[in-house]
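Participant: Sending over a structure as structure tokens; questions will come in a sec.
Read-outs: derived from the displayed coordinates by stated rules, not from any lab. Note that the coordinates shown come from a computational prediction; the quantities given were computed from them, not determined experimentally. Cβ sites come from the backbone with ideal geometry, for glycine too, and all protein chains shown count toward neighbours.
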Amino acid sequence: MLPIRPLHNKIFFQFEDKIVSNATGTRGFESTSGAGIVVMSNDQDATMTGRWAKVLSVGPKVAEIKAGDRICIHPLRWTSMMTVDEVNFWQTNDDEVLLIEE
């Protein structure tokens, strides 16, 4: 549990996909090819693919989404990773959510 909370229509979340860094410090999503080769996604993958995430907390103006929900976020519509109390998370707005799993 984070000791902070989002304001307005903000959502704090964690990606389901594993985040990896390459030798230059660039972060990306880890994926596995059909042949079993593990690769880091490239910029084009990130611009075309929504990402699934687990909601940690929501701001007071978020009506349809709650902590614990699984959501799909519009490609590249999130902040850089933030860390509080050793918990890594990202932030987006509720209008950037494409899908909510029921």
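Participant: When the Karplus curve 6.51 cos²θ - 1.76 cosθ + 1.60 is applied with θ = phi - 60°, which whole-Hz ³J(HN,Hα) does each residue of segment 51-61 get, with x for Gly and Pro?
Facilitator: For segment 51-61, the Karplus-derived couplings read 10, 7, 8, 9, 6, 8, 7, 10, x, x, 9 Hz, x marking Gly and Pro.
Participant: Would you pull out the residues with amide H under 5 Å of ASP69's amide H, same chain only if 5 or more places away, H placed 1.01 Å from N?
Facilitator: Hits under the 5 Å cutoff: VAL55.
Participant: Amide H of LEU98: which non-local residues (sequence gap of 5 or more, or other chain) have their own amide H closer than 5 Å, using H built in the peptide plane?
Facilitator: CYS72, ILE73, HIS74
Participant: Still on this structure, please answer the following. If you stretched the chain out fully between LEU7 and LEU98, how much longer would it get, using 0.36 nm times the residue separation minus the C-alpha to C-alpha distance?
Facilitator: 30.7 nm
Participant: Just to confirm a number: summing +1 for Lys and Arg and -1 for Asp and Glu over residues other than TRP78 whose beta-carbon lies under 9 angstrom from that of TRP78, what do you get?
Facilitator: Charge balance in the 9 Å sphere: +1.
Participant: Along segment 82-97, what does the Karplus equation 6.51 cos²θ - 1.76 cosθ + 1.60 (θ = phi - 60°) give for ³J(HN,Hα), rounded to whole Hz, x for Gly and Pro?
Facilitator: Values per residue, Gly and Pro as x: 10, 9, 9, 6, 6, 9, 8, 7, 10, 10, 9, 9, 4, 6, 9, 7 Hz.
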